[in-house]
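A short write-up of the structure that comes next.
Nothing in this text is a laboratory measurement; each read-out follows from the coordinates by a stated rule. Since this is a predicted model, take the numbers as computed values, not measurements. We place every Cβ from the backbone using ideal geometry, glycine too, and count neighbours over all the protein chains shown.
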Amino acid sequence: MTLRESGAYDPPAFAGIVGDWNMRRSLGLVLALAGALPTGAAAQDAPAAVDVEALARRASELYKAEQYTEAVSVYLQAWQAAPAAALLYNVAHIYDRKLGERELAIDFYRKYITSPDADPTAVARATERIQVLKQQQAEAAAAPKPAPVVTAPPPDPPPVVTQPAEPPSGRRRAVGWILAGTGTALLAGGGVLGYVARTDADAFADSTDLDEKRSHRDSGQSKALAADVMMGVGLAAGITGAVLLLIGDDAPAPVTVGAGPGFLVIGGSL
């Protein structure tokens, strides 16, 4: 049985592309792995060999049943057992044509192109698809985007503080210390959220499961936005506190200081 018959070369991905010589090379790799397994009594202590052809057939059946995420998972299991380039092409094809995941499709097309058993005709088509997907990414990035949905509510901004012309003794400095401390706490919290968002980004890059990638991507974007808000508010509060501490309680004219998400307003005569 050839890899085409077993489903390793999926018809939607490889119709009329890969020749028999490439199939024989991929199948030969599978047979070579099987021949390297121990025989006789030693085989009783060795782990069972992975049936790559069975995995490829199963992935093809899942593809035909339009269970594309599951098909990708099974194709990758087969590739880990016997790294035939055709399996990578099938994964790239599903991400490209069926799941609309441009970034993942480009990644697997590139892996296919650099595989030693890649078919030259399929390499040309994979290269062409990479260029098309990159163009689509550029157009999508240039298009206006709706406001992102924030799943984690941002922290409440510090209230606007207005100082009278002749504040009671020590009032302005006290407010300055409070705002400086609040700003420091918000900056620290924003740094922690930023680190957690980076962890989600790393998990997104390392995961091969589509659902996990989407989960890490959404979680990372929400935490990154919350971190930006906290850092902006913390910076504004810190600067406000520093200004109040610098001008002290002997300023000749009233000073109004306002802080909010992403803005800082100072009014009056210093």
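Were the residues from residue 110 through residue 192 laid out at 0.36 nm apart, the gain over their Cα-Cα distance would be 26.0 nm. Backbone geometry of region 218-234 corresponds, through the Karplus equation with coefficients 6.51, -1.76 and 1.60 at θ = phi - 60°, to 3J(HN,Hα) couplings of 5, 5, x, 5, 5, 5, 5, 5, 4, 5, 4, 4, 4, 5, x, 5, x Hz, x marking Gly and Pro. Taking θ as phi - 60° and the Karplus parameters 6.51, -1.76 and 1.60, the scalar couplings of region 63-80 work out to 4, 5, 7, 6, 9, 6, 4, 5, 4, 4, 4, 6, 4, 5, 4, 5, 5, 5 Hz in sequence order, x denoting glycine and proline. Using R₀ = 25 Å, calculate the FRET efficiency as 1/(1 + (r/R₀)^6) where r is the Cβ-Cβ separation of residue 98 and residue 202; round to 0.05. Result of the calculation: an efficiency of 0.40. Give me the one-decimal nm value for the distance between modelled label points at residue 131 and residue 215, 7 Å along each residue's Cα-to-Cβ direction. The two pseudo-label positions are separated by 3.9 nm.
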